1. Between GLN136 and GLU41, what length comes free when the chain is fully extended (0.36 nm per residue of separation minus the Cα-Cα distance, one decimal in nm)?
2. Neighbouring Cβ atoms within 10 Å as the yardstick, rank TYR71, TYR118 fewest first.
3. What angle do you read, to the nearest 10 degrees and between 0 and 90, between the alpha-carbon axis of helix 67-82 and the longest principal axis of the chain?
4. What ranking do VAL116, VAL27 get, fewest neighbouring Cβ atoms within 10 angstrom at the top?
5. Work out how far the C-alpha atoms of the range 51-92 reach from end to end along every principal axis, then list the three figures in whole Å, largest first.
6. Compute, for the chain, the length of the dipole vector about the Cα centre, with Cβ point charges of +1 (Lys, Arg) and -1 (Asp, Glu) only. Units Debye, rounded to 20.
7. For the range 134-178, state the average projected area of the convex hull of the C-alpha atoms over all orientations, rounded to one decimal in nm².
8. Mind checking the full-extension length gain between ARG162 and ARG127? Use 0.36 nm per residue of separation minus the Cα-Cα distance, one decimal, nm.
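Derivation of every value follows stated rules applied to the coordinates shown; laboratory data play no part. What you are looking at is a predicted structure, and each value in this text was computed from that prediction instead of being measured. Quick reminder, even Gly has a Cβ in these numbers, built from the backbone with ideal geometry, and neighbours come from all protein chains shown.
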Amino acid sequence: MPMEELLDADIRQKKLKWIELIPAFLVLLLLIWKIQKSLAEHYLFESLSAVGFALVGIAGAIYFFNKSIYYYTLLVVFIAGLIGLLNFTPVKYSFSVIFIRFDPVFLVLLGVHLIVFYKSIESRAQRNKEASRHQQIDSFKSKFRDKTVDELKALTQTKGFREEAKQAATELLKEKGH
């Protein structure tokens with residue numbers, strides 16, 4: 001059994017929240033490095049850096065209000081940086097494919113963001129699936145509430161019914177003492 005499954009659901013959720021912030025922490029480190037380097041070398045920010053700072057600040061503020069928009073905002077920022085429309089890194093590396101330049105720093109940030117985003121979506125989908133399953137069981141329980149014990153036993157043993165219906169019938173049998 002993986003160690004993740006042994007953790008309490010609340011602890012797993014807190015762990016996931018910290019993991020979601022990894023791309024933002026990496027961006028924050030790059031921003032601090034950029035500011036430190038520009039102050040040490042006495043040069044002004046270029047417009048791409050100013051726009052990058054603004055968009056990262058907006059994405060950071062959005063995180064606290066609507067996380068789903070945060071993921072997409074940060075995704076847009078990383079893609080814009082990848083193709084050279086933004087820059088908030090102190091060093092500028094690039095490689096070209098045909099006529100398009102790519103920045104490998106933003107490629108790494110984009111990769112980390114997509115991995116974290118996938119884990120977040122996977123976790124959210126699992127919670128939604130469980131909630132939907134419980135909702136269906138409750139719905140079947142309300143439909144089967146008037147059935148007799150014999151009808152409920154027949155329901156649990158018949159192969160044509162969905163698992164949620166069988167689960168609801170089993171729970172109703174337990175409630176009725178059978």
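1. Fully extending the segment from GLN136 to GLU41 adds 27.9 nm.
2. Listing TYR71, TYR118 from fewest to most nearby Cβ atoms yields TYR118, TYR71.
3. 40
4. VAL116, VAL27
5. The principal-axis extents, from largest down, are 32, 15, 12 Å.
6. 320
7. Hull-based average projected area comes out at 2.7 nm².
8. Once the chain is fully extended between ARG162 and ARG127, it gains 10.6 nm.
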